[in-house]
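Visitor: This is the structure I have questions about; it appears just below.
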Amino acid sequence: MNIILLGPPGAGKGTQAARLVERYGMRQLSTGDMLRAAVKAETPTGLRVKAIMEAGELVSDDVVSTLISEELVALPQTVGIIFDGYPRTAAQARQLDEILARHHRKLDRVVELEVDEDALVERITGRFTCAHCGAGYHDKFKLPKNALHEDEPLRCDHCGSTDFKRRPDDNEETVRTRMAEYRAKTAPILPLYEERGIVVRVDGMADIDIVTQQIERVLGL
Ligand code: ADP
Ligand code: ADP
Ligand code: ZN
């Protein structure tokens with residue numbers, strides 16, 4: 001099964017993708033993660049996109065579609081894909097169709113996470129991740145379990161690391177730009193998938209576990 005997780009920044013795409021990977025052995029392809037890795041490694045692409053990402057604007061369609069295309073080459077046909085944060089424009093949606101056709105894959109479902117925009121700023125400004133394994137957390141909604149012991153340093157539930165980080169673009173001002181980009185360029189690709197009858201919707205405002213259950217239900221897992 002190949003699916004797209006669609007929703008504005010902070011909707012919970014990364015959180016839910018990680019669960020599908022863990023439970024069903026699917027593969028998460030996040031263009032945001034790939035671009036951040038390129039920035040960190042200071043590759044030519046990374047150097048080109050750094051300022052754009054920090055401003056919360058979209059990087060060019062060809063750059064992200066090339067990243068996706070390269071990942072697909074090495075992926076066994078039997079492994080299902082979760083596209084997380086891609087496609088984000090009509091041009092990317094067309095490029096994805098071509099890439100999938102080349103690899104004899106089809107798009108089974110587009111899962112839209114429906115969220116209330118006011119909540120997103122709080123979600124994003126409270127977001128942090130484990131610097132060692134990448135597990136996602138939140139200051140208010142998903143602290144590591146040992147946060148109950150106030151005198152201990154926070155420790156990652158998955159790997160035990162005490163090292164955490166926050167994204168430079170997870171600030172209120174940039175979030176507003178990212179939401180505007182979503183509204184103007186990404187939301188308009190939904191009708192294309194509606195026409196194909198593959199869009200399913202879940203309530204992204206529910207608790208994390210409930211959202212997972214809803215996704216499993218709409219995907220028939
Ligand atoms: P996205 O990948 O769509 O940008 P994330 O999965 O990174 O979003 O989630 C953004 C932040 O909100 C994270 O800190 C995450 O822990 C938290 N979060 C995710 N889903 C929920 C939810 N259903 N309720 C409350 N907080 C959530
Ligand atoms: P979020 O989890 O908040 O939705 P991402 O990690 O997906 O954000 O993306 C972070 C930034 O990387 C975006 O603001 C944008 O600059 C860039 N980016 C990621 N994916 C794409 C894409 N498919 N097209 C264009 N830019 C992208
Ligand atoms: Zn960790």
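Visitor: Do the conditions hold for residue 130, that is, is it farther than 23 Å from residue 53 by Cα, surrounded by 13 or more Cβ atoms within 10 Å (Cβ to Cβ) and in contact with a Cys (Cβ under 6 Å, 6 or more places away or on another chain)?
Guide: It is false that residue 130 is farther than 23 Å from residue 53 by Cα, surrounded by 13 or more Cβ atoms within 10 Å (Cβ to Cβ) and in contact with a Cys (Cβ under 6 Å, 6 or more places away or on another chain).
Visitor: In addition: If you scan the stretch 1-54, which residues turn out to be touching a Lys or Arg at 6+ places or on another chain (Cβ under 6 Å), within 11 Å of ligand 2 (Cβ to nearest atom) and farther than 28 Å from residue 119 by Cα?
Guide: Hit for the stretch 1-54 is 39, nothing else.
Visitor: Next question. Sort through 88, 48, 105, 94 and tell me the only one that's of a type outside the set (A, V, I, L, M) and crowded, with 19+ Cβ neighbours inside 10 Å.
Guide: 88 is the lone residue from the list that is of a type outside the set (A, V, I, L, M) and crowded, with 19+ Cβ neighbours inside 10 Å.
Visitor: Quick check on the stretch 156-180: of everything there that is crowded, with 18+ Cβ neighbours inside 10 Å and of a type outside the set (A, V, I, L, M, F, W, C), which residue is nearest to residue 220 (Cα to Cα)?
Guide: 178
Visitor: So which pairs qualify, if the first residue must be in the stretch 51-76 and among the small types (Gly, Ala, Ser), the second must be part of a loop (DSSP other than H, G, I, E, B) and surrounded by 14 or more Cβ atoms within 10 Å (Cβ to Cβ), the Cβ gap must be under 7 Å, and the two must be at least 6 apart or on different chains?
Guide: Once the first residue is among the small types (Gly, Ala, Ser) and sits in the stretch 51-76, its partners that are part of a loop (DSSP other than H, G, I, E, B) and surrounded by 14 or more Cβ atoms within 10 Å (Cβ to Cβ) give 56/169.
Visitor: Picking from 94, 155, 127, which residue would you name as being charged (D, E, K, R) and touching a residue at least 12 places away in the same chain (Cβ under 8 Å)?
Guide: Only one candidate passes the filter, namely 127.
Values quoted throughout were computed directly from the atomic coordinates according to the rules given, and no laboratory measurement underlies them. None of these values were measured; they are calculated from a predicted model. A quick note on method: Cβ atoms are made from the backbone with ideal geometry, for glycine too, and the neighbour counts reach across all protein chains shown.
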